[in-house]
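Participant: One structure, pasted below without further comment.
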Amino acid sequence: MFEPSDKPRVFALPPGVDFPAALLAGIDARLAGQPPQAAARLRLIVNTRRMARRIRALQDAGPAKLLPRLSLVTDIAALTPLAPAEPAAPGLRRRLQLAQLVARLLDRQPDLAARASVYDLADSLAALMDEMADEGVAPDVLRQLDVADMSGHWARALAFIGIAEDYLQSGGADDATHRNRRAVEALSAAWAETPPQGPVLVAGSTGSRGTTLMLMEAVARLPQGAILLPGFDFDQPDRVWADLTRTQGTEDHPQYRFAHMMERLGITPGDVIRWTDTPAPAPARNRLVSLALRPAPFTDAWLDEGPRLGDIGQATEAMTLVEAPDPRTEALAIAMRLRAAAEAGQTAALITPDRMLTRRVSAALDRWRITPDDSAGMPLHLSPPGRFLRHVAALFTDRLTAEALVTLLKHPLCHSGPDRNLHLIHSRNLELHLRRNGPAFPDAAGLRAYAARLDDPPTAWIDWLIALVTDQTVRGDLDLSDWVLRLRRVAEALAGGSATEGSGGLWEKNAGQEVLKTLTALETESGHGGAMGARDFADLLGALLQSGEEVRDRDKPHEGILIWGTLEARVQGADLLILGGLNEGAWPEVARPDPWLNRSMRKQAGLLLPERRIGLSAHDFQQAIAAPEVWLTRAIRSDDAETVPSRWLNRLTNLLEGLHETGKPALAGMRDRGRHWLDLAEAAEFAPRIAGAHRPSPKPPVAARPRRLSITEIKTLIRDPYAIYARHVLRLNPLDPLAMEPDAALRGNVVHDILEAFIKETRDDPAALTPARLLDHCARVLETDVPWPAARRLWLARLGRIAGDFVQAERRRQDQARPEHLETKVRVPLPGVDFTLTGRADRIDIDASGNLLIYDYKTGHVPTTREQKYFDKQLLIEAALAEQGLFKGIPAAPVVQALFLGIGSTLSEQPAPLDEESAAEVLARLVTLIRHYHRADQGFTARRMLFKDTDRGNYDHLARFGEWDGSVTATPEVLE
């Protein structure tokens, strides 16, 4: 197949060429005239499964012929009889074993890291071990590094690295990476003695990994061996090639790996042969990009070689530069271009490592019902079955909350068997009950009590729910096998539903099958996981799902509109390539922090440097930008901050800007073409200005207006009449939050209950009037009514700080009068108007002369005298009703005192201005107010006189507050 050569045989294809198609074309050309079985003797080794799939797809398209033997560089162990008979140990087994070792270390030295980081540390150790195997670095090399400047950090890191070293020395190196390394070493040695007679070709790899480079060296030296490099820069001068491996800091150059390989093989760029005569789609652009990406020491060549590039317009005529003002506009411009490609029948692909950009583009395409073929799919832990299993695992870790229960019940896989419609009805009714009545932490007794209140309780459904979701919290440790069985049993029963056995739709579709594979693998390897707590198991499950393969469970996408990552772009081609998100931090991505070794130590040890990843990303950029038509896009601002253009885009634009006669007009043309699409995106987003809503002041029919309010709602009627209209005319009540919290309302209720019980006891037993007794009541009520341990302790501590002062003040109050009436209700028809006033007085004391003293407990803001006079008339109204004898069981008597008792971080007392208005005047003004709102011409104005502009009401969104403010005059509206 190959001509004899005294040098290693290296072929290459220029950037922009469809690599798999050109690879097969070159094979066919070299086998022309040979018998059909000659192709079957060729051993073709490619770099990725994606490349292998693309090659098979091209071969399947015909014509029919014998095919080369196809394999991967990552699975060389399968090619040689020297490989062990047993398969490599699963990666999950090593992950579990390392996690156990890390956990034991943290048990002995808890200051090294947080317990929650066990699996992350285990994964990073596994990655370090793989890298050491790939690069041929022995474990003891790390202990010999020069760490004089970082001894503290290194001492902590060595504790973990020691785990990896011990693991490897104890025979734990039978994973795929180590086995592949040993297989390549054995194969190289065997080939040196007895080289294979048939041709061997390694295609598509850049040799960025040590094991792969070793294989490529061995193949290149075979009599019929060859290497085929992708995206080789034939336009780069020899002096640049020569200095790439001798100049510090050039690993981030796109061609560095090829220079390093040629140095190892002892060849020069001139020895690299073109695989085929297939020209690059844009040779002039390749020359331009090659010059732009020169290493920093050679950018002086811009002045010399730039003017000799020729017609730069030809190089850039199929290039468009989109510099969008923000990521949203960038995504919309890309989506509009993809839509145009779909209409024209073009194949178009968006290439970007920025997943946020791809989601925005997909959302924008959805308006035209275009579903792109996204190669990334959905992360397994975000898929429906992945989320469902994580919700179920959370049942074992924490006390069941109402929010967690409803979230689980509403999941599309919960009760996905028969009678799901009934399940949704029952779930909705239960949710409404939990929102209105609680409890915050549902249990079996609470669910049964809820069912008992129903006329037709769904007994089977409630029993199913109680059996599976209540009392699932596990406090101790269980073996991993027990955890997996428990998770699977509960998850399948929840998915199957109450009407049948089975797992419903849990394991259906691609995502369910992939999750089931993960769970089955975990069950198989559970013997290596040991015992763990519920939280550790939930963390392990989340980590496994997050690192699993992404799944694609979607409707059939558009076959010509594609979204690729940079890996997919290496092996596929399209008429139009859009390189999106060209900003630093995205292209190239920010280097991941290494918890073990800094750059200097990595270099000493012979491990990969961060620049190598940048160099590979640069090579992806150089190949993609060589497409027949290419778009370069970026957002100028993101998150209210300026972005930095990608270094490669920056170099290209700087080079063009410097070439005044040819480059500058070409760059302006690129930007003009981009600006055209930005204008279209802006036009697509244009919406006519719609005037804001007016400040409402509805005038409902008099018959529909409220005929009953509570005493505390009078303040609302004065300050925000629209809230009264929304609640009592429209009958709209705010939906209580599902995620119950120890909020101000609950604290107020709890304090009222505490003080009511305490006062009842002490009025009959003065000896009980002590701070200790008050705190006993506090602890008892908090234990009953506040299910949050942290809130109980905090509130008990706050009340403890004021307990002494409260008791001292209470003694004075009880010396003055006896607390006869606690939580006394009132329901009074107002004279002269069809209206009933309801309410409840916290406390009414009676002194020796029969006079009344009224107290109201406030845990929040205590209204001032002026506020009480004009707005917050609660105590004034209660005093007026008491003097008129309108409280049931309390004879009419003078009210000598009415006080708000502030129970906060300190105690406060705020008297009502009883001396400024008589009881008759207060009631008369109240009647006047009610009569005023019973007039047909009086509107319920929104936010009429709130205390502060920053105050927010439950019905502000209904009034569309924000489209107007307090300075806007209300617009009355008569409602029929």
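Just so it is clear, none of the values below were taken in a lab; they were calculated from the coordinates. Quick caveat, the model's predicted, so the values are computed rather than measured. Reconstructed Cβ throughout: ideal geometry from the backbone, glycine too, with neighbour counts over all protein chains shown.
Participant: Between Asp75 and Glu685, take the C-beta separation as r, use R0 = 45 Å, and let me know the FRET efficiency to the nearest 0.05.
Facilitator: 0.35
Participant: Follow-up. Write down the percent of antiparallel bridges among all DSSP beta bridges whose residues are both part of the chain, to the nearest 5.
Facilitator: 30
Participant: Do the sum for the chain: with -39,500 (n - 2.57) for every DSSP H run of n ≥ 4, divided by all residues, what is the mean residue ellipticity at 222 nm, to the nearest 500 deg cm²/dmol?
Facilitator: Here the helix-only value at 222 nm equals -14500 deg cm²/dmol.
Participant: Given that compact globular proteins tend to follow 2.2 N^0.38 Å, what is the ratio of the alpha-carbon Rg of the stretch 626-684 to that value?
Facilitator: After normalising by residue count via 2.2 N^0.38 Å, the value is 1.27.
Participant: Sticking with this one: Enumerate the amide H contacts of Leu709 below 5 Å, restricted to partners 5 or more residues apart or on another chain; note that Pro and chain-start residues carry no placed amide H.
Facilitator: Excluding prolines and chain starts, which carry no amide H, the hits are Thr836, Thr838.
Participant: What ratio of Cα Rg to 2.2 N^0.38 Å holds for the stretch 744-877?
Facilitator: After normalising by residue count via 2.2 N^0.38 Å, the value is 1.18.
Participant: Here is a follow-up. Mind listing the long-range amide H neighbours of Gly585? Cut-off is under 5 Å, sequence gap 5 or more, other chains count too, H placed in the peptide plane at 1.01 Å from N.
Facilitator: Amide H to amide H, under 5 Å and 5 or more residues apart or across chains, Gly585 pairs with Val590.
Participant: Straight distance only, please: which lysines reach the Cα of Lys517 with their own Cα at less than 19 Å, same-chain residues fewer than 8 apart left out?
Facilitator: Reachable lysines: Lys509.
Participant: Report, largest value first, the span of the C-alpha coordinates of the stretch 380-546 along each principal axis, in whole Å.
Facilitator: So the three principal-axis extents are 51, 34, 24 Å.
Participant: Follow-up question, since we're still on this one. According to a simple spin-label model (label point 7 Å from Cα along Cα-to-Cβ), what is the distance in nm between Ala29 and Ser710?
Facilitator: Between Ser710 and Ala29, the simple spin-label model gives 8.7 nm.
Participant: If amide H atoms are built 1.01 Å from N in the plane of the peptide, which residues on other chains or at least 5 residues away come under 5 Å of the amide H of Ser908?
Facilitator: Gly902
Participant: Figure the gain on full extension for Glu343 and Glu820 (residue separation times 0.36 nm, minus the Cα-Cα span) and round it to one decimal in nm.
Facilitator: Taking 0.36 nm per residue and subtracting the Cα distance, the gain is 163.4 nm.
Participant: Next question. Under a straight-distance cross-link criterion of Cα-Cα below 23 Å, which lysines are reachable from Lys760, leaving out those fewer than 8 residues away in the same chain?
Facilitator: List returned: Lys825, Lys858, Lys888.
Participant: Hey, how many Å between the Cα centroid of the stretch 576-607 and the Cα centroid of the stretch 463-511?
Facilitator: Distance between centres, Cα-based: 41 Å.
Participant: Which peptide among 14-25, 666-677, 761-772, 886-897 comes first, and what is the full order, when sorted by highest mean count of other Cβ atoms within 10 Å?
Facilitator: Taking the mean over residues of other Cβ atoms within 10 Å, the ranking is 14-25, 666-677, 886-897, 761-772.
Participant: Can you list the trypsin sites (Lys or Arg not before Pro) in the stretch 409-512 that are in a DSSP coil and have 13 or fewer other beta carbons within 10 angstrom?
Facilitator: Arg453, Arg475
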